[in-house]
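Engineer: Once you've had a glance at the structure underneath, I'll fire off some questions.
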Amino acid sequence: MKVLLVDDEADIRRIAELSLRNLGGHEVVAASSGAEALASVEGISPDVVLMDVTMPDLDGLAVLAEVRRRGLAVPVVFMTARVQPSDRERYLSAGAVGVIEKPFDPMTLHAALRRIVGG
């Protein structure tokens, strides 16, 4: 599965990328901002976008809205510490297919992503 991983924190990107690639066998393309994700999402055609919600400039919800406005049906999973029931409902209502809570377990991140999107 090809994953577009979007997070503004380099350490989180690095840990998630290692988990997804080395433990899950996924192809991972990393982006450090919402703008960078939007610039590459169409060109790389990911199977899923795994994205932080809280980022400077374009947050995850804004990126998701723009992805949908462009007519792209790629599943989006948010990875965030903001996981109150009202937050989860807002993410799912916006079109996300799931939420993975931060801090995540690097040993099980790939399995959590597979449970949400299959593949």
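The values are calculated or read from the model by the stated rules, or taken from the named source; none is laboratory data. A quick note: this is a predicted structure, and the numbers were derived from the prediction, not measured. Quick reminder, even Gly has a Cβ in these numbers, built from the backbone with ideal geometry, and neighbours come from all protein chains shown.
Engineer: Please enumerate the residues belonging to the range 72-108 that are under 18 Å from residue 48 (Cα atoms) and acidic (Asp, Glu).
Structural biologist: Result: 101, single match.
Engineer: Given 86, 32, 93, which one is of a type in the set (S, T, N, Q), closer than 16 Å to residue 16 by Cβ and either at pLDDT 95 or above or touching a Pro at 6+ places or on another chain (Cβ under 9 Å) (or both)?
Structural biologist: Values: 86 fails: closer than 16 Å to residue 16 by Cβ; 93 fails: closer than 16 Å to residue 16 by Cβ.
Only one candidate passes the filter, namely 32.
Engineer: Being part of a loop (DSSP other than H, G, I, E, B), touching a helix residue (DSSP H, G or I) at 6+ places or on another chain (Cβ under 9 Å) and closer than 29 Å to residue 69 by Cβ is the filter here, so list the residues in the range 95-118 that pass it.
Structural biologist: 95, 96, 97, 102, 104
Engineer: Follow-up. Of the residues 49, 29, which single one is assigned to a strand (DSSP E or B) and in contact with a Ser or Thr (Cβ under 8 Å, 6 or more places away or on another chain)? Explain how you work it out, then say what you get.
Structural biologist: Details: 49 fails: in contact with a Ser or Thr (Cβ under 8 Å, 6 or more places away or on another chain).
Within the list 49, 29, the selection yields 29.
Engineer: Moving on. Just one of 76, 63, 67 is surrounded by 19 or more Cβ atoms within 10 Å (Cβ to Cβ), more than 20 Å from residue 16 (Cα to Cα) and not hydroxyl-bearing (Ser, Thr, Tyr); which is it? Let's see the steps before the verdict.
Structural biologist: Working: 76 fails: more than 20 Å from residue 16 (Cα to Cα); 63 fails: more than 20 Å from residue 16 (Cα to Cα).
Step by step, each of 76, 63, 67 is checked, and only 67 is surrounded by 19 or more Cβ atoms within 10 Å (Cβ to Cβ), more than 20 Å from residue 16 (Cα to Cα) and not hydroxyl-bearing (Ser, Thr, Tyr).
Engineer: For the range 27-36, does any single residue satisfy the condition of being in contact with a strand residue (DSSP E or B) (Cβ under 9 Å, 6 or more places away or on another chain), surrounded by 19 or more Cβ atoms within 10 Å (Cβ to Cβ) and touching a residue at least 60 places away in the same chain (Cβ under 8 Å)?
Structural biologist: No, the conditions are met nowhere in the range 27-36.
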